[in-house]
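Here is the structure we will look at.
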């Protein structure tokens with residue numbers, strides 16, 4: 001269980017409020033997303049997500065082992081076969097100018113903090129596996145997928161913000177967003193848990209083989 005000190009609860013509430021206000025002002029501000037997630041840490045919703053995630057035996061073992069991998073060397077991965085996960089991952093990040101360590105660091109103190117760190121560490125791999133892009137529709141589709149697989153409260157927060165923003169600013173975009181969100185959620189329900197995978201130990205495996213084994217394709 002997550003046992004939270006009152007001072008920690010107050011700090012989390014402050015981070016949550018700060019993140020929400022910042023996200024309302026600028027929905028593309030990544031730091032505000034991390035502030036909200038820090039604020040949700042220690043909540044009952046997060047604990048329920050942690051419990052749900054560990055109903056899968058393989059994921060529970062990975063959480064217990066606190067499995068983490070070093071930050072990938074993109075130049076090394078670009079030497080892998082072009083159909084491999086490693087090459088696809090490295091080439092995608094390189095072309096987009098993304099940093100594999102873009103995420104805010106988090107100290108691993110318990111199951112919840114480990115899960116959050118692992119999700120941050122593997123975010124771009126999830127994009128590759130699901131096929132969702134990094135545009136607004138793709139990110140919301142991935143969040144719906146993540147919600148189905150983990151019940152992580154942050155995924156629900158971002159889906160809510162994304163839909164509210166579209167409703168207010170670009171209501172015509174809902175015709176694309178709603179089917180994509182539905183597709184992501186259904187995909188998350190029927191595929192194997194991505195959080196249980198040790199991707200970094202099999203960079204050489206073809207991306208399509210990963211997708212087939214995890215239930216994305218037949």
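Below is a table of values for the structure above.
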item	result
Counted residues, region 123-140 - those being touching a helix residue (DSSP H, G or I) at 6+ places or on another chain (Cβ under 7 Å) and either assigned to a helix (DSSP H, G or I) or buried (at least 20 other Cβ atoms within 10 Å of the Cβ) (or both)	11
Filter result for residue 89 (under 16 Å from the mean Cα position of the chain (by Cα), under 24 Å from residue 205 (Cβ atoms) and modelled with pLDDT of 95 or more)	yes
All positions within region 184-208 that are in a helix (DSSP H, G or I) and surrounded by fewer than 17 Cβ atoms within 10 Å (Cβ to Cβ)	186, 189, 190, 201, 208
Leading residue by the ranking (farthest from residue 105 (Cα to Cα)) among those in region 48-69 that are surrounded by 15 or more Cβ atoms within 10 Å (Cβ to Cβ) and touching a helix residue (DSSP H, G or I) at 6+ places or on another chain (Cβ under 7 Å)	56
Enumeration of residues in region 164-177 that are surrounded by 14 or more Cβ atoms within 10 Å (Cβ to Cβ) and either farther than 16 Å from residue 132 by Cβ or out of contact with any helix residue (DSSP H, G or I) (no Cβ under 8 Å at 6 or more places or on another chain) (or both)	165, 166
Hits in region 203-218 - residues which are within 20 Å of the chain's Cα centre (by Cα) and either within 20 Å of residue 72 (Cα to Cα) or touching a residue at least 60 places away in the same chain (Cβ under 8 Å) (or both)	203, 207, 210, 211, 214, 216
Qualifying helices (runs of 4 or more DSSP H) (wholly inside region 7-84; at least 2 residues being modelled with pLDDT of 95 or more and closer than 27 Å to residue 140 by Cβ)	44-53, 57-65
Residue 149 being closer than 19 Å to residue 44 by Cα and either in contact with a strand residue (DSSP E or B) (Cβ under 9 Å, 6 or more places away or on another chain) or surrounded by fewer than 16 Cβ atoms within 10 Å (Cβ to Cβ) (or both)	no
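The values are calculated or read from the model by the stated rules, or taken from the named source; none is laboratory data. This structure is a prediction, so every number in the text was calculated from the model and none was measured. All Cβ positions, glycine included, derive from the backbone under ideal geometry; neighbour counts span all protein chains shown.
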